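Structure first, commentary second.
Every number in this text was worked out from the coordinates using simple rules, so none of it is lab data. Computed from a predicted structure; not experimentally measured. Neighbour counts are summed over all protein chains in view; Cβ atoms, including those assigned to glycine, are modelled from backbone coordinates with ideal geometry.
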Amino acid sequence: MRKLKVIGLLAVFVLLLVKCQKSAVFPAAQYDDRLSGGDETVFDATSQAFGNMFPNLAAYDTHIHILGDLTFNQTFVTAPAIIHGGLGPIFNNTGCINCHHNDGIGLPTAGDQQSSLLMRISLPGVDAHGGPVAVPGYGLQLQDKAVYGKLPECSVNIVYTTQIITFADGAQIELRAPTYTLSNLYTPIAGTYLLSPRLAPPMIGLGLLEAIPESEIIANADPNDANNDGIKGHANYVWDAITQTRQLGRFGWKANTASVLTQVATAFNQDMGVTSSVLPVESSYGQSQYDGLHDDPEVPDSLLNAVKFYAQTLCVPARRNTTDATVKRGEALFISAKCVNCHKQTFTTAVDVSRPYMSNQVIHPYTDMLVHDMGPGLADNRPDYLAGGQEWRTAPLWGLGLYTTVNSPGYFLHDGRARTITEAIMWHGGEAEGSKATFQNMNSTDRDALLKFLQSL
Ligand SMILES: [Ca+2]
Ligand SMILES: [Ca+2]
Ligand SMILES: [Ca+2]
């Protein structure tokens, strides 16, 4: 009898232990909202905050990440070269890091060595795959630099016009709007062409965004505004040149690229003039700049894949000051102003047994990965697959508070026109008109609280 009692007690004890352990594994109540990138979050608020690798990589993966990092930081040179050759003949910049400065946002200048703004170009209409129509002699991107002896396609000129915006409480700020003109065209362009300026975005958390299940992204789409909140996000579906299939677009300012691999190979090919096994044709093929060297692929698969892996495994910096009362109030305002209807706080990445570091992570990217009509103020009027001329992908806001630390001064929006977060918000229009108006009508205490929350991301 006594023995049975002891066994019974023991059983209760074991059960309790199991229960305690379970709740320790799933600590819902103690959930740490600083962990923007789930387990792949780093506590680093310095200027190097965007350059950290996932903390949970295996030793071998660490090695690949570092190889990718070295290549990302490399200045490529004209062919023939033993290593890091193949630059050009036409290009936008000489290395990934020269646009993605410090793995952060780029510099919206034109023509100089630090310039991280590039121009997409196309003719009106759609091509066989529903994408933009290439311009004869120019393709789909303008390369404004060239190797010695070759002509750049053109020069890009940026002029800003300014306007003053007044808040309901009388405070004023200046907004600047860019206009772009082309000069020094190496050959005339027949007819009307469409331009889309694109600034180099930060590199953090891209592997996690790639790992969000497509179904979770689609679940937030509301193209006919069935829930009547004035917001009609929809997915962009794009032709993927590598897999030769139509896929959900995730990357680029219009969600115009399906995967990190395609984005990286396209960057080598278009931004730097470096061919790879997956995109082996020079951007200048068929143009007078073409070098005809037949040395493709110029970057070996080992380096292409290492750079892809590097881009997938840069982790996200942790939030700061999350328990601060003003930050908490700012978060409530972010929700009541409906910012959160597009800038979705939370996703869970797909289960992936082969890549545990990417698997089943609760992340807080503050994007729905959908494209939205942002009004005429931000429009490029150049459709990109299903993303219309006024539509842009909701920019992820994780890391936002560190933009100016990682890249001083730091810029915002697809073309870098905004110099502060306040300016970025005041450019919101279209589906975000209501949110913008709410912000504009807030008193300065509320605006500051909202900004303090955004600075904590
Ligand atoms: Ca080349
Ligand atoms: Ca071109
Ligand atoms: Ca809606």
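Taking the Kirkwood radius as the inverse of the mean 1/r across Cα pairs, report the Rg/Rh of the chain. Ratio of gyration radius to Kirkwood radius for the chain: 1.02. The packing ranking of peptides 216-226, 415-425, highest mean first, is 415-425, 216-226, where packing means the average number of other beta carbon atoms within 10 angstrom of each residue. Using only Cα atoms, tell me the angle between helix 301-312 and the longest principal axis of the chain; keep it within 0 to 90° and round to the nearest 10. The helix 301-312 is inclined about 50 degrees to the chain. In the chain, the calculated helix contribution to ellipticity at 222 nm averages -7000 deg cm²/dmol per residue, counting -39,500 (n - 2.57) for every DSSP H run with n ≥ 4. Ranked by the mean number of other Cβ atoms within 10 Å per residue, highest first, peptides 319-325, 99-105, 282-288 order as 99-105, 282-288, 319-325. A convex hull fitted to the Cα coordinates of the stretch 174-246 yields 265 cubic angstrom per residue.
Residues Tyr237, Tyr357 in ascending order of nearby Cβ atoms (within 10 Å, fewest first): Tyr237, Tyr357.
Using 19 Å as the Cα-Cα cut-off, could you pick out the over-long pairs in Lys232/Lys338; Lys254/Lys452; Lys232/Lys452; Lys344/Lys436; Lys145/Lys308? Flagged as over cut-off: Lys254/Lys452; Lys232/Lys452; Lys145/Lys308.
Each of Tyr193, Tyr411 was scored by other Cβ atoms within 10 Å of its Cβ. Arranged with the fewest first, they read Tyr193, Tyr411. Look at the dipole of the chain built from charges on Cβ: of Tyr138, Pro356, Val260, the Cα furthest out on the positive end belongs to Pro356. Between rounded, prolate and oblate, where does the stretch 138-224 land on the alpha carbon gyration tensor, with a ≥ b ≥ c its root eigenvalues, rounded for a/c under 1.5, else prolate if a/b exceeds b/c? Note, shape of the stretch 138-224 comes out oblate.
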